[in-house]
Amino acid sequence: MTMPRRRPGRPRRDETRPTREVVLTAATALFAERGFDAVGLREVAAAAGVDVATVAHHTGTKAALYEACFARVFAVEREVLTAAAERARTALDAGPDAARRALHDLVDVFVDFLQDHPETTALWLRRWLEPQRHAELDQRYAEPLYRLVADLLTTAAAAGALAEPTPHITVRSLVWATHGHVVALAAGAPGARERREFRAFVHRLLDGLYGPAAP
């Protein structure tokens, strides 16, 4: 039987993954690179190796597709951070030094996640260039993770493991510092060395805030 020929110039779709995942991967990369307004559904379809009707079938409008990209990266990040936060919460019972070491580990997990998934930083930075647009995405896909860690710091403070009067400010400052680290890597800084140096910097910052952890 003769198979129909693929149209010239159209990339071959990855048949090993569900079509919706292929579409979201392509859309995330495009939105991260160009922002919402500069990306059309036809470009997403071409990048995914499908037609526009397929994109619309799996994700709906462009706005729905845009939100689905944030929901996708949020789900992965939430899984990683929730596990790390639970380990840190368990460490609170072992005393202040163990709690601070657990915070080091939590930050390391976050740094590693963003460095290994730079599209997450790029996607958010593009959205934040227009803070008044799509603000609901922050409420759905950023605020829950901020609260997760801020609540952990509040619990640690209540348990006497550390003194933290403004956990929301601390969390936002660390998040923005880490996004800046990822942007520096994208500009060409050496990855492995930068990761070690940034981790060490954040550890010193935490120790300055909460006291040095026991060796």
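Cβ separations smaller than 6 Å between residues 6+ apart or across chains give the following pairs from segment 61-76 residues that are under 16 Å from LEU41 (Cα atoms) to residues that are outside any helix (DSSP H, G or I): TYR66/PHE36. Inspection of segment 73-82 identifies no residue that is more than 30 Å from GLU164 (Cβ to Cβ), assigned to a helix (DSSP H, G or I) and of a type in the set (Phe, Trp, Tyr). No other residue among LEU205, LEU137, LEU162 is open to solvent by less than 30 Å² (accessible area, probe 1.4 Å) and either in contact with a Cys (Cβ under 6 Å, 6 or more places away or on another chain) or closer than 17 Å to ALA102 by Cα (or both) apart from LEU162. Scanning segment 168-206 for residues being over 13 Å from PRO118 (Cβ atoms) and either at pLDDT 95 or above or outside any loop (DSSP other than H, G, I, E, B) (or both) gives a total of 23. When the criteria are applied in full, LEU103 meets the requirement of being of a type outside the set (Asp, Glu), touching a Leu at 6+ places or on another chain (Cβ under 7 Å), crowded, with 17+ Cβ neighbours inside 10 Å and within 20 Å of GLY208 (Cα to Cα).
The set of residues in segment 83-98 being surrounded by 13 or more Cβ atoms within 10 Å (Cβ to Cβ), in a helix (DSSP H, G or I) and more than 24 Å from the chain's Cα centre (by Cα) consists of ALA91, LEU92, PRO96, ASP97, ALA98.
Taken as a whole, segment 105-125 holds at least one residue that is more than 18 Å from VAL171 (Cα to Cα) and small (Gly, Ala, Ser).
Considering segment 21-56, the residues that are within 22 Å of the chain's Cα centre (by Cα) and among the charged types (D, E, K, R) include one that is surrounded by the fewest Cβ atoms within 10 Å (Cβ to Cβ), namely ASP37.
Of all residues in segment 106-132, which are surrounded by fewer than 13 Cβ atoms within 10 Å (Cβ to Cβ) and not in a helix (DSSP H, G or I)? Passing the criteria: LEU129, GLU130, PRO131, GLN132.
Of all residues in segment 154-177, at least one satisfies being in contact (Cβ under 8 Å) with a residue 24 or more places away in the chain, farther than 18 Å from ARG89 by Cα and of a type outside the set (A, V, I, L, M, F, W, C).
The values are calculated or read from the model by the stated rules, or taken from the named source; none is laboratory data. Note that the coordinates shown come from a computational prediction; the quantities given were computed from them, not determined experimentally. Please note: Cβ atoms are built from the backbone with ideal geometry, for glycine as well, and neighbour counts cover all protein chains shown. Areas reflect the complete protein model, heavy atoms only, side chains present, ligands, DNA and RNA absent. Shrake-Rupley method; radii C 1.70, N 1.55, O 1.52, S 1.80 Å.
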